[in-house]
1. Enumerate the pairs (first residue in the range 32-44 and under 12 Å from L64 (Cα atoms); second residue anywhere and of a type in the set (G, A, S) and surrounded by 11 or more Cβ atoms within 10 Å (Cβ to Cβ)) with beta-carbon separation below 9 Å, excluding pairs fewer than 6 apart on the same chain, so at least 6 apart or on different chains.
2. Which residues, counting only those in the range 98-116, are over 18 Å from T87 (Cα atoms) and assigned to a strand (DSSP E or B)?
3. Taking into account only those residues within the range 29-45 that are among the charged types (D, E, K, R) and more than 12 Å from the chain's Cα centre (by Cα), which is farthest from P98 (Cα to Cα)?
4. What is the one condition in (1) surrounded by 16 or more Cβ atoms within 10 Å (Cβ to Cβ); (2) of a type in the set (F, W, Y); (3) modelled with pLDDT of 95 or more that Y84 does not satisfy?
5. For the range 70-85, give me each residue that is part of a loop (DSSP other than H, G, I, E, B) and either over 15 Å from T141 (Cα atoms) or in contact with an Asp or Glu (Cβ under 9 Å, 6 or more places away or on another chain) (or both).
Amino acid sequence: MAKSNRFKERDNASYKREIKNIDTKEGRKDPLIVLSFKDFDRSQGQSFVCWEKEHLLALAVSRLHELCQLTVGQATAQQIVKPYTKTIFPSHSKFKQPQYVMPDVIWCSMHIQGKECIIGYFERNIFNIVFLDKNHDFWPTRK
């Protein structure tokens, strides 16, 4: 008795699938920003609890939500995220670069309100959050 190969017997109609209602962003060439806390440094800057007590955490999450609606190019062009391209890690920073973060990343800041910032870096479209900087100590500036 010869075996029937059911995969060779299929016609074009059998391959058609029902299209599900999935929202897609057609025509978008660059992926949207996603967030990562894998490199979050708990030993420097502030904690999430501290930011929550100072009513900054909800505002930060709201700003991060807005960030995730953009591509990296859009976020930097609109200056929502500002890369520090002149130096690898600021020499006058009150922070120290964590050993587990590659030394050649381009550090970025995202202001929440006033001087409060989220500090991190991009790896393709992933924004790796490393520090919560309530006092603008990552890149201190003169007043």
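The values are calculated or read from the model by the stated rules, or taken from the named source; none is laboratory data. The structure displayed is predicted, hence computed values, not measured ones. All Cβ positions, glycine included, derive from the backbone under ideal geometry; neighbour counts span all protein chains shown.
1. Every condition considered, the pairs that remain are I33/A75; L35/G120; S36/G120.
2. H111, I112, Q113, E116
3. Within the range 29-45, the first condition is being among the charged types (D, E, K, R), and the residues that meet it are 29-30, 38-39, 41-42.
Next, only the ones that are more than 12 Å from the chain's Cα centre (by Cα) stay: 29-30, 41-42.
Values: K29: 33, D30: 29, D41: 7, R42: 10 Å.
In this case the residue turns out to be K29.
4. (3)
5. The initial filter retains those residues of the range 70-85 that are part of a loop (DSSP other than H, G, I, E, B), namely 70, 78-81, 84-85.
Across the range 70-85, the qualifying residues are L70, Q78, Q79, I80, V81, T85.
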